[in-house]
Structures are given as structure tokens and as C-alpha cells.
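Asker: Before we start, here is the structure in question, set down as C-alpha cells.
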Amino acid sequence: MDADPPCAVGGCTGHGTKLCSRCGQKAYCSPECQRKDWKVHKLTCKKAETPENRIGDLLRQGRLFSAQCELEQLQKPNPRLAAELEEKMKFGTLSEVVDDVLQLQPIEGFGLGYVAAKELLPGQPLLFDTAFSSAPMDGDKEFYCTIAEKAIRKGHGDRRVSARADAQADFYYDSILKLGTKDSHDRATLEETDMDPEMREQILVCSIAEANSMYCTEDPSLLALFAAGARFNHSCAPNATLESSKSTLLVRAGCAIPMGSEVTISYLPHQLLLEAGAKRRERLLNGRGFHCRCQRCESEQDQ
Ligand SMILES: C[S@@+](CC[C@H](N)C(=O)[O-])C[C@H]1O[C@@H](n2cnc3c(N)ncnc32)[C@H](O)[C@@H]1O
């Protein structure tokens with residue numbers, strides 16, 4: 001006996017072997033019959049609350065970390081959703097504040113920074129980001145120039161080459177160029193000179209890359225530029241930790257963090273945090289262009 005229902009299209013004698021993937025209710029014998037019925041079926045088709053549909057929604061919202069966690073929980077691997085997630089991770093313009101636990105706001109004397117919007121627990125995932133650009137440090141060029149070149153390439157060029165290129169260009173103008181420069185005078189000085197606009201932009205983006213790129217914890221010979229991750233301020237006694245590759249970044253709470261406290265990361269590799277203050281501060285000044293004013297440095301200098 002055949003258990004398949006008849007195809008939902010009136011007059012079709014086929015068996016309904018394929019269910020509508022959206023509602024999981026109507027059965028069709030072929031994609032052609034499903035297409036034929038869609039005009040009518042769409043009026044009543046309700047998205048079923050399946051894990052796959054939820055993951056699809058998360059991917060559409062750009063919440064890649066949540067999508068990845070749910071994907072890992074699926075009983076049966078779903079290669080289509082896994083491929084969509086991988087593609088979006090490479091896109092380089094998506095970030096997620098996990099469960100809205102952080103708020104980006106002005107921090108007195110430090111520009112913008114992230115503050116805990118809830119009580120945070122040790123190890124809790126806080127922010128997931130995708131790298132807009134990355135570069136190896138051992139290339140034949142200064143790595144910041146390489147990162148900057150890649151960023152510029154994404155921001156320029158003919159529009160409408162692809163939706164992806166357009167989205168990256170928009171992101172470059174809306175987010176990357178708004179990040180701070182290594183030396184805050186750079187921007188003002190550049191704006192005053194009548195330098196060739198291309199040259200001006202190259203200098204500006206190099207300075208932005210230098211001030212905001214992060215070393216990759218998975219491979220410290222790589223640096224990457226994460227637009228959302230770049231808004232964390234530095235502390236030599238950070239309360240959050242980084243897990244990063246050349247394309248993704250995950251920031252976790254390093255300890256319990258009370259609601260309303262600033263969440264900080266370290267721009268320095270772990271070994272350097274064990275060094276004396278003068279060495280840390282020198283490295284931050286030379287590499288990042290700022291005098292560290294974190295609580296640890298301030299109290300060391302008071303002594
Ligand atoms: C990667 S950005 C961090 C986000 C930045 N506050 C913003 O508004 O975009 C690095 C810049 O933040 C400031 N900053 C971050 N941590 C600091 C610290 N510990 N001491 C002094 N300035 C700091 C410096 O101006 C530095 O160039």
C-alpha cells in the first residue's frame with residue numbers, strides 16, 4: 001500500500017512525495033506542481049516552527065552566532081544551511097551582540113565603548129563579528145597597508161557588480177571610515193590639505209587599520225579588522241576575552257561583569273599583560289598610538 005497522499009494540485013494524479021518546506025503541511029508530486037499551487041497556497045501557508053526555519057530566520061537577520069549554535073544542535077546536519085552560514089561569515093559585514101547583552105555608548109574620555117546591558121556571567125558569549133579585512137604580518141608589505149588596500153578595494157569599484165559588492169561598499173562608507181584613526185590629528189590634518197583624494201583616502205584607511213585591527217588568537221601572525229569588535233576599549237586588566245580567526249571574532253565575558261560596567265578587552269597578547277607597565281604602555285603607544293589610561297596603568301603610575 002502506498003502511504004503518500006495525493007498531490008495537492010487538483011486534477012494531478014501524482015503522489016504528494018514532497019512537503020512544502022515552509023509549513024510542512026501541503027504535499028506535492030513535483031516542484032512544478034508546487035509552483036503552480038503557490039499563488040493560492042501562499043495565502044494560508046504558515047511557517048512551521050521548526051529548528052531549520054528558525055536558523056533560516058537567524059541567518060536572514062545576520063545573527064550568525066545564534067544560527068551557528070542552533071545549527072550545531074540539529075540532530076541531522078543540514079548542508080544547505082551550513083553553506084549559507086559559511087558564505088555569510090565570509091561576507092565581512094555582519095555582527096551580533098548576543099542576546100542584546102551589550103550597549104555601545106560614549107565612555108567619558110575614551111570615545112565610544114561597550115557597557116554590560118545585563119549582569120554577565122564568566123564565559124558568556126557577548127559579541128560575534130566577521131572580519132571586513134585581514135592580512136598576514138609576514139608579507140612583503142606593511143600589514144596595515146595590506147588591510148587598508150583590501151578595505152579600499154571593497155569600498156571602491158563599479159557599483160552593481162553584485163549585491164554583495166554593493167553591501168560591502170556601503171559598509172565601508174558607513175562603518176569602516178567612521179572608526180577612529182591612529183592619531184586623532186590625522187583626520188583633521190588630512191581634511192585641511194589639498195592632497196590627491198585617492199592618496200588622502202589611503203593614508204586615512206591605513207591609519208584606521210592601524211588603530212583598530214586585532215591580532216588573531218588562533219594565529220597571532222594574522223591581523224584582522226572587525227568593525228563592531230573595534231569599538232571595545234583596551235584594558236591591561238581586561239574583563240572580556242577574545243577568540244578570533246582571520247574571519248571571525250567572538251568576545252566572551254572573562255569574569256562576572258555587573259550591569260552598567262564597561263566591558264574591555266586587551267589589544268596586547270596575553271604574555272605582554274604579564275610585563276611591567278612601562279613596556280605595555282610603550283607597545284600600545286607605538287603600535288596603537290595612544291597613552292594607555294586603563295585603571296591598571298593609572299594606579300601603577302600613581303604608585
Ligand atoms: C579600537 S578603538 C576603541 C573604540 C573607540 N573608543 C571608539 O570610540 O571607536 C581604540 C581607541 O580608543 C581609545 N582607547 C581605547 N582604550 C584606551 C585606553 N586604555 N587608554 C586610552 N585610550 C584608549 C584610543 O583613542 C584608541 O585609539
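Asker: I'd like to check something: does region 114-134 contain any residue that is within 16 Å of the ligand (Cβ to nearest atom), touching an Asp or Glu at 6+ places or on another chain (Cβ under 8 Å) and part of a loop (DSSP other than H, G, I, E, B)?
Answerer: So far as region 114-134 goes, no, none of its residues is within 16 Å of the ligand (Cβ to nearest atom), touching an Asp or Glu at 6+ places or on another chain (Cβ under 8 Å) and part of a loop (DSSP other than H, G, I, E, B).
Asker: With the requirement that a residue be within 16 Å of the ligand (Cβ to nearest atom), outside any loop (DSSP other than H, G, I, E, B) and at pLDDT 95 or above, what does region 248-272 give you?
Answerer: Once the filter is applied, which keeps residues that are within 16 Å of the ligand (Cβ to nearest atom), outside any loop (DSSP other than H, G, I, E, B) and at pLDDT 95 or above, region 248-272 yields L249, V251, E262, V263, T264, I265.
Asker: I'd like to verify a number: residues in region 197-225 that are within 16 Å of the ligand (Cβ to nearest atom) and more than 30 Å from Q301 (Cβ to Cβ), how many?
Answerer: Residues flagged as within 16 Å of the ligand (Cβ to nearest atom) and more than 30 Å from Q301 (Cβ to Cβ) within region 197-225 amount to 6.
Asker: Looking at region 230-241, is at least one residue farther than 29 Å from E86 by Cα, touching a residue at least 24 places away in the same chain (Cβ under 8 Å), within 12 Å of the ligand (Cβ to nearest atom) and surrounded by fewer than 21 Cβ atoms within 10 Å (Cβ to Cβ)?
Answerer: yes
Asker: Which one of R283, R296 is part of a helix (DSSP H, G or I), within 10 Å of the ligand (Cβ to nearest atom) and over 26 Å from the mean Cα position of the chain (by Cα)?
Answerer: Only one candidate passes the filter, namely R296.
Asker: Quick test of your reading of the structure: H291 fulfils all but one of (1) touching a helix residue (DSSP H, G or I) at 6+ places or on another chain (Cβ under 8 Å); (2) within 13 Å of the ligand (Cβ to nearest atom); (3) assigned to a helix (DSSP H, G or I). Name the failing condition by number.
Answerer: It is condition (3) that H291 fails.
Asker: S245 - would you say it is polar (S, T, N, Q), surrounded by 12 or more Cβ atoms within 10 Å (Cβ to Cβ) and modelled with pLDDT of 95 or more?
Answerer: Numbers: polar (S, T, N, Q): yes; surrounded by 12 or more Cβ atoms within 10 Å (Cβ to Cβ): yes; modelled with pLDDT of 95 or more: no.
No, not satisfied.
The values are calculated or read from the model by the stated rules, or taken from the named source; none is laboratory data. On a predicted model such as this, the values are computed, not experimentally measured, just so you know. Note that we place each Cβ from the backbone using ideal geometry, even for glycine, and neighbour counts take in every protein chain shown.
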